[in-house]
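What follows is one structure encoded as structure tokens, with my remarks underneath.
The values are calculated or read from the model by the stated rules, or taken from the named source; none is laboratory data. Just so we're clear, the structure is a prediction, and the values are computed from it rather than from any experiment. Methodologically, a virtual Cβ is constructed for each residue, glycine included, from the backbone with ideal geometry; neighbour enumeration extends over all protein chains shown. Areas reflect the complete protein model, heavy atoms only, side chains present, ligands, DNA and RNA absent. Shrake-Rupley method; radii C 1.70, N 1.55, O 1.52, S 1.80 Å.
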Amino acid sequence: RLRFAKAEEMAAMLDQFINAANQEPGRPPAPLQPELDETGQIKADKPKFWVNMAEKSYHPENQWYKHSIVAKGMQRYLETQCNLFSPKAQLAALDEYTNQMLIAGKVMQEYIKATSSAKVVVVGSGAGVLPLMASEARASVAYSVEHYHYESQISRSVVARNKYTQMRAEFGARLQELTQEQLKSKVAGFASDIRHVNRDPRQLEYTDIPEKCNILVVNRPHYSLLGTGLMNIVQNAQRTFLTDDAKIVPCKVKVYAAGLQLNTTCPYLMRSFVETYSWSLNVQPIDLRTTPHKLLTKPFQIFEFVMNDRKSLEPVERRQFTVPVETTGILHGFVYYYETFLSETLSISNCALSRGGEQALYYINARPVQMDTELQVLVSHNKSRITFDTAHSPSISVMHEFCCPEWMRNMVNDTTRTEAYSQAIEHYCHTRSGEEVTVLSLCGSPGVIAMVAAQQMNVRKVYVTEKVQHLAANMREVVADNGLSEKITVINKEPRNLEFGWEEYQHQHYDLHERPDCIIFELFDCACVGEGVLYYSKFIRNAVNTPRKTPTLIPCGATIKGCLVQLRSTKIHGYDVGPSLNIYRWQPDMGVVDLKSTNFKQLSDEFEIFRYDFYQDGPDNLPHAEIAVPIIAEGIVSAIVVWFDLQMDAETTYSTSPFQDCNPHIKQGITYINELKVSPGARVPLIAVNKGADIVFSIDENALRGSPFVTILPLPRLDPAWREHAQKTEELTKSLQSRMQVASEFKAITQAALKMAIQPTNFGLDPQIATKFCNAFFTSVQ
């Protein structure tokens with residue numbers, strides 16, 4: 001509840017939102033001022049999600065959207081976020097799907113060579129590579145269609161750069177005789193067979209592509225198949241600009257599904273955790289190669305979409321399949337994958353065995369199934385998403401209000417982490433054999449490590465903190481399921497808000513009335529310190545330690561390590577894409593990277609950056625490091641990658657290094673720097689500053705000048721227009737957050753965001769952006 005002394009304060013806040021919105025070309029319309037009661041109070045309602053909401057049709061043609069200024073404003077705000085995110089989305093797609101894109105490009109080239117006066121439309125240019133391949137095959141014209149501005153800008157830049165390279169090879173020294181204007185005109189003429197269209201491909205009109213085309217290539221890969229608008233794109237193209245006998249790539253898609261039970265590798269009963277948080281607003285990606293699961297049915301075909309058969313592309317309201325149950329278990333949802341036919345004889349698949357990308361997971365209300373019975377599966381699609389349900393089976397849960405972060409699911413399945421904590425706890429308890437001890441675990445959701453401690457013979461009591469209310473409540477359920485409620489007390493507080501009363505204050509209410517003998521730190525980020533471990537260690541020293549008693553800390557310290565890497569785009573199919581893509585890798589803060597999954601080159605050995613002793617170090621004595629990093633290979637230094645080793649005790653460590661066989665749930669941190677061309681013999685002067693919960697890196701470029709082994713590349717590190725756009729959008733976000741403090745506006749915004757996240761394709765939104773934005777309302781502290 002919020003109080004406003006005057007209605008003018010409310011108007012001023014909304015004006016702030018409008019002013020920020022006016023800085024964006026796609027700004028929301030002026031918002032409605034909510035009504036207040038006599039006291040200026042409005043009660044906010046938290047959004048709720050029922051699985052059957054996914055079967056409803058949410059579309060801009062609905063009345064709730066047409067008559068809602070807030071909904072229209074929310075769509076435009078999310079469109080801005082999608083536009084900003086689009087370069088990184090394209091980088092991720094190229095990392096995962098380049099080979100598939102090039103196969104599609106080869107099929108397109110064969111069609112072009114077999115077609116007289118081939119006119120091609122490419123939706124999703126692959127950073128300009130596909131239209132260049134069409135030009136290479138001598139297409140009469142190739143239209144490069146991109147939805148978002150920055151994607152289109154990348155395509156234009158790559159095409160212009162490579163066309164200029166081709167022209168220079170053809171005309172040679174004669175180009176030097178031209179003026180700048182003549183050269184620009186020459187390049188434009190040389191690239192005239194490629195035309196760029198920056199528009200939502202579902203809404204292309206004759207004015208965008210003013211001629212009939214005979215080849216359509218849709219290159220918008222997505223685990224969900226329909227999440228990027230494949231069906232609507234093809235149907236709109238057939239209505240608008242394709243000839244009746246046009247070739248379409250892909251020409252056909254077959255979709256298969258199987259019933260799935262999600263498992264954990266955790267040695268405890270985690271059913272309450274799994275079933276409470278096994279849901280999503282939209283179809284979720286899943287990699288069956290790495291996600292613990294059990295298939296309850298054999299795969300069965302659910303759809304076959306033939307692009308030139310318009311009837312097969314129409315929505316299916318409900319199709320029923322009788323599927324034998326192969327194994328007894330809990331049905332959490334259906335995983336589906338697809339086989340894409342690029343031609344009648346050539347297909348690729350994203351099934352788990354093909355390594356062709358992630359699969360899609362659709363959650364249903366969890367329900368038990370029995371082996372040797374039959375499951376009635378109901379499957380639908382509305383051209384933008386595929387939905388599943390089952391008939392005549394009792395549901396375990398219906399309504400969802402909360403979700404947990406994805407990293408927490410992965411943490412539960414990180415067996416290396418659990419084993420490291422277990423070994424350190426067991427070793428500690430062994431050293432205190434014959435004594436009863438008390439353990440305090442900080443930030444302990446979902447309770448795995450607390451249960452490890454509670455099962456030690458001489459552990460009398462375990463206290464575990466969790467600041468998020470719904471996570472704390474779920475942890476209590478997990479603890480109860482494992483019969484440990486008597487030994488484990490869950491405290492719903494931020495660790496630094498704990499109240500200690502000790503033994504002499506037993507008659508008063510405090511969180512703890514006894515001094516813990518062992519304290520466990522559980523929450524770490526990619527750079528180790530980002531979740532506040534240094535602040536927690538200081539708090540423990542001040543609040544718990546005494547001259548006679550210092551609790552044992554697990555882990556007791558950490559070492560931050562790193563290396564210099566080359567991580568940049570260069571060429572695809574012989575085309576230079578690097579300068580146009582690399583400027584969008586940059587980000588202002590340290591990011592997260594799974595280095596194993598990238599095409600990187602290691603340019604230095606690993607080196608130590610910081611070493612922390614949690615018994616002594618804290619935010620008041622932050623280290624500063626200057627390291628001369630030796631270069632071991634020739635290349636271009638584009639980033640610093642960091643990880644850490646946790647010293648669990650004197651004998652046990654847990655590492656997030658990318659150079660180990662196991663796959664920790666915490667990935668590495670990455671900071672992009674101004675690029676340096678280096679060769680062996682160089683020493684790069686790295687400066688690292690710890691700011692408490694952040695580590696900031698820089699290079700002393702002055703020390704490099706004159707070095708025969710290092711060249712500072714003059715290439716731009718980022719797109720300044722993109723950064724300015726991002727800064728303005730951040731201002732808009734802050735104003736939007738202020739507006740959501742008004743309860744009625746909060747409800748209007750969350751309801752609009754919820755519907756757009758359920759069916760983002762219908763609103764022209766990237767599914768990842770729409771879902772991420774709405775999920776924030778379900779991970780709140782309430």
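Residue-level check: of (1) within 20 Å of Gly578 (Cα to Cα); (2) of a type in the set (S, T, N, Q); (3) not in a loop (DSSP other than H, G, I, E, B), Ser125 misses just (3).
Scanning the range 665-674 for residues that are in contact with a helix residue (DSSP H, G or I) (Cβ under 8 Å, 6 or more places away or on another chain) and either open to solvent by 10 Å² or more (accessible area, probe 1.4 Å) or modelled with pLDDT under 95 (or both) yields His665, Ile666, Lys667, Asn674. Of all residues in the range 638-649, at least one satisfies being under 30 Å from Arg289 (Cα atoms), charged (D, E, K, R) and touching a residue at least 60 places away in the same chain (Cβ under 8 Å). Inclusion of Ser224 among residues that are among the small types (Gly, Ala, Ser) and either surrounded by fewer than 19 Cβ atoms within 10 Å (Cβ to Cβ) or free of Cβ contacts under 8 Å to residues at least 60 places away in the same chain (or both) is not warranted.
Only residues that are of a type in the set (Ser, Thr, Tyr), open to solvent by less than 70 Å² (accessible area, probe 1.4 Å) and farther than 23 Å from Gln284 by Cα were counted in the range 294-341, giving 3. Residue count for the range 720-755 satisfying the condition of being of a type in the set (A, V, I, L, M), open to solvent by 30 Å² or more (accessible area, probe 1.4 Å) and either in contact with a Pro (Cβ under 7 Å, 6 or more places away or on another chain) or not in a helix (DSSP H, G or I) (or both): 1.
Residue-wise test of (1) polar (S, T, N, Q); (2) touching a Gly at 6+ places or on another chain (Cβ under 7 Å); (3) open to solvent by 50 Å² or more (accessible area, probe 1.4 Å); (4) farther than 25 Å from Met756 by Cα.
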| residue | (1), (2), (3), (4) |
| --- | --- |
| Gln63 | yes, no, yes, no |
| Ser68 | yes, no, no, no |
| Ala71 | no, no, no, no |
| Ser86 | yes, no, no, no |
| Gln90 | yes, no, no, no |
| Thr98 | yes, no, no, yes |
| Ile112 | no, no, no, yes |
| Lys119 | no, no, yes, yes |
| Val122 | no, no, no, yes |
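Mind listing whichever residues of the range 416-455 are of a type in the set (S, T, N, Q) and within 17 Å of Glu514 (Cβ to Cβ)? Those that are of a type in the set (S, T, N, Q) and within 17 Å of Glu514 (Cβ to Cβ): Thr438, Ser441.
Just so you know, in the range 487-520 the residues that are over 18 Å from Glu466 (Cα atoms) and either at pLDDT 90 or above or of a type in the set (Lys, Arg) (or both) include one that is surrounded by the most Cβ atoms within 10 Å (Cβ to Cβ), and it is Asp517. The residue that is surrounded by the most Cβ atoms within 10 Å (Cβ to Cβ), among those in the range 675-704 that are in contact with a Phe, Trp or Tyr (Cβ under 8 Å, 6 or more places away or on another chain) and not in a strand (DSSP E or B), is Ala682.
Could you count how many residues in the range 447-486 are of a type outside the set (Ser, Thr, Tyr) and open to solvent by 50 Å² or more (accessible area, probe 1.4 Å)?
11
Residues satisfying the criterion are present in the range 193-205 (criterion: open to solvent by less than 70 Å² (accessible area, probe 1.4 Å) and among the β-branched types (Val, Ile, Thr)). For the range 594-621, residues that are under 16 Å from the mean Cα position of the chain (by Cα) and within 22 Å of Val684 (Cα to Cα) total 1. Looking at the structure I just gave you, is Ser140 among the polar types (S, T, N, Q) and more than 29 Å from the chain's Cα centre (by Cα)? Yes. From the list Glu344, Glu358, Glu374, Glu419, the lone residue that is open to solvent by 60 Å² or more (accessible area, probe 1.4 Å) and closer than 29 Å to Cys774 by Cα is Glu358. Any chance the range 375-390 includes a residue that's of a type in the set (Lys, Arg) and touching a helix residue (DSSP H, G or I) at 6+ places or on another chain (Cβ under 6 Å)? There is at least one residue in the range 375-390 that is of a type in the set (Lys, Arg) and touching a helix residue (DSSP H, G or I) at 6+ places or on another chain (Cβ under 6 Å). Looking across the range 756-769, the residues that are open to solvent by 10 Å² or more (accessible area, probe 1.4 Å) and either part of a helix (DSSP H, G or I) or under 16 Å from Phe49 (Cα atoms) (or both) come down to Asn762, Pro767, Gln768, Ile769. Given the structure, is Lys186 open to solvent by 50 Å² or more (accessible area, probe 1.4 Å) and over 25 Å from Asn162 (Cα atoms)? For Lys186, the condition - open to solvent by 50 Å² or more (accessible area, probe 1.4 Å) and over 25 Å from Asn162 (Cα atoms) - is not met. Against the test of being of a type outside the set (D, E, K, R) and over 28 Å from the mean Cα position of the chain (by Cα), the options Pro685, Pro664, Pro720, Pro716 yield a single qualifying residue, Pro685.
List the number of the failed condition for Leu130; all other conditions in (1) surrounded by fewer than 24 Cβ atoms within 10 Å (Cβ to Cβ); (2) assigned to a helix (DSSP H, G or I); (3) in contact (Cβ under 8 Å) with a residue 40 or more places away in the chain hold. Condition (1) is where Leu130 drops out. Taking helices (runs of 4 or more DSSP H) as the structural unit, those lying wholly within the range 405-492 and holding at least 2 residues that are aromatic (Phe, Trp, Tyr) correspond to 415-431. For the range 151-161, filtering for residues that are open to solvent by 10 Å² or more (accessible area, probe 1.4 Å) and over 11 Å from Val197 (Cα atoms) leaves 3. If you go through the range 629-658 and keep only what is within 27 Å of Tyr584 (Cβ to Cβ) and either within 25 Å of the chain's Cα centre (by Cα) or small (Gly, Ala, Ser) (or both), you end up with Ala633, Gly635, Ser638, Ala639, Ile640, Val641, Val642, Trp643, Thr656, Pro658.
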